[in-house]
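Input: a single structure, listed below in structure tokens.
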Amino acid sequence: MIELRNIHKIYNKKKTTIQALKGIDLKIEQGDIFGVIGYSGAGKSTLVRLVNYLEQPTEGDIIVDGQYLAEQSPKSLREIKRDIGMIFQHFNLLESKTIYQNVAMPLIISKVAKQEIKLRVTELLEFVGLADKASSYPSELSGGQKQRVGIARALASNPKILLSDEATSALDPQTTQSILNLLKRINREYGITILLITHEMSVIQRVCNKVAVMENGEIIEQGSVLDVFGHPKHLTTQNFVQTVVRTDIPDNIKVNLDKVGTRTLTKLEMVGDHATEPILATLMQKFNLTVSAVFTNMTEIQETTLAIWYVDIQGDASQKQAALDYLLAQGVRCQEVTV
Ligand code: ADP
């Protein structure tokens, strides 16, 4: 649906050259909710501006719905861009226009018939839960309601793709959740592919099926959300994951381990069905080991459970090895860790 091939973007400012993007390769499939996460300055906004061609890449190809953007005439570029809606952190609503007029704006610009506009805007305001606010002004709405207007406006021209630039960053946690739920509905009910950028891993965890992690203009890691959360490779990714999934042992537990002189534990990472299986009981019965859980963390990602267990396994060394081999064969990641 959206493909970026070897994208470079260089900004020349006075005597300095800023390499905002350095060889980005990205493929977003139809129906994805694809999250791009990175700290400030990583290049996320630049990437989004290139996808809807507000800016052009210095090098590389951008392909939207099978069409190379660089090869399009102004007219066909306008048509492609009509299929791309966008929502913003600060909503970008017209303060002097009513909610109805804000949502209708893209349709008025496209010279859609008045009656058709009325039907579409009414339907959209209904969809985002603001049917009773049609004649209100933006200043009379809460942040969450304003973002709903922004979403309705972005959907007005029936886009195939929705770009979201930090759309929940200015909202409180509860409102963030309701906006994320709305994005999920848009993806599910309208089949719209969503590309969202954020600096919050919890946003990725709650709505995305795929994620790319950006740093200094590069993608340092990408994959399915479950894989990246389950096995983050790059240190920056690990730091992001750590903000929502506790993967290390809390200090107070380490102090207790010191007291009993335990230093070596086994870390088990389980996804899906494994996460809820009676692993400890199996190890004890099957391999005659004493297994105690020292710290566990279970998190819901993509409607799947991700479990991280730190266990202390005591018993015969060869039985312990057999137990670890057994777990590995079951798809459970095992790792001896010294704490
Ligand atoms: P992010 O969205 O991840 O915070 P940006 O894409 O905004 O990152 O910025 C990436 C880098 O490109 C930064 O160093 C930023 O200063 C620079 N940059 C972004 N836009 C421009 C611009 N229009 N002119 C010059 N430099 C820019």
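The values are calculated or read from the model by the stated rules, or taken from the named source; none is laboratory data. Note that the structure is a prediction, hence the values are computed from the model and not measured. Cβ coordinates were reconstructed from backbone atoms using ideal geometry, including for glycine residues, and neighbour counts include every protein chain displayed.
The figures follow:
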item	result
Total residues in region 134-193, condition buried (at least 21 other Cβ atoms within 10 Å of the Cβ) and small (Gly, Ala, Ser)	6
In region 242-264, the residues that are in contact (Cβ under 8 Å) with a residue 24 or more places away in the chain and either among the β-branched types (Val, Ile, Thr) or over 30 Å from Val213 (Cβ atoms) (or both)	Thr243, Val244, Val245, Thr247, Ile249, Ile253, Leu257, Thr262, Arg263, Thr264
Test: residue in region 192-211 that is over 19 Å from Met86 (Cα atoms), more than 15 Å from the ligand (Cβ to nearest atom) and aliphatic (A, V, I, L, M)	no
Near pairs, Cβ below 7 angstrom, 6+ apart or cross-chain, from region 200-217 (part of a strand (DSSP E or B)) to any residue that is of a type in the set (Phe, Trp, Tyr)	Lys210/Phe34; Val213/Phe240
Sole exception among (1) basic (Lys, Arg); (2) under 24 Å from Ile192 (Cα atoms); (3) within 15 Å of the ligand (Cβ to nearest atom) for Lys27, by number	(3)
Sole residue being assigned by TED's automatic domain parsing to the domain that holds Arg49 and under 17 Å from the mean Cα position of the chain (by Cα), chosen from Arg153, Arg206	Arg206
Verdict on Val64 being crowded, with 18+ Cβ neighbours inside 10 Å and within 16 Å of the ligand (Cβ to nearest atom)	no
Counted residues, region 45-55 - those being β-branched (Val, Ile, Thr) and near the ligand (Cβ under 10 Å from one of its atoms)	2
Qualifying position, being in a strand (DSSP E or B) and not basic (Lys, Arg), among Ile179, Ile220	Ile220
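Yes/no per residue for (1) closer than 13 Å to Glu218 by Cα; (2) touching a strand residue (DSSP E or B) at 6+ places or on another chain (Cβ under 8 Å); (3) more than 8 Å from the ligand (Cβ to nearest atom); (4) not assigned by TED's automatic domain parsing to the domain that holds Thr168:
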site: Lys13; (1), (2), (3), (4): no, no, no, no
site: Gly23; (1), (2), (3), (4): yes, yes, yes, no
site: Gly35; (1), (2), (3), (4): no, yes, yes, no
site: Tyr39; (1), (2), (3), (4): yes, yes, no, no
site: Gly43; (1), (2), (3), (4): yes, yes, no, no
site: Pro57; (1), (2), (3), (4): no, yes, yes, no
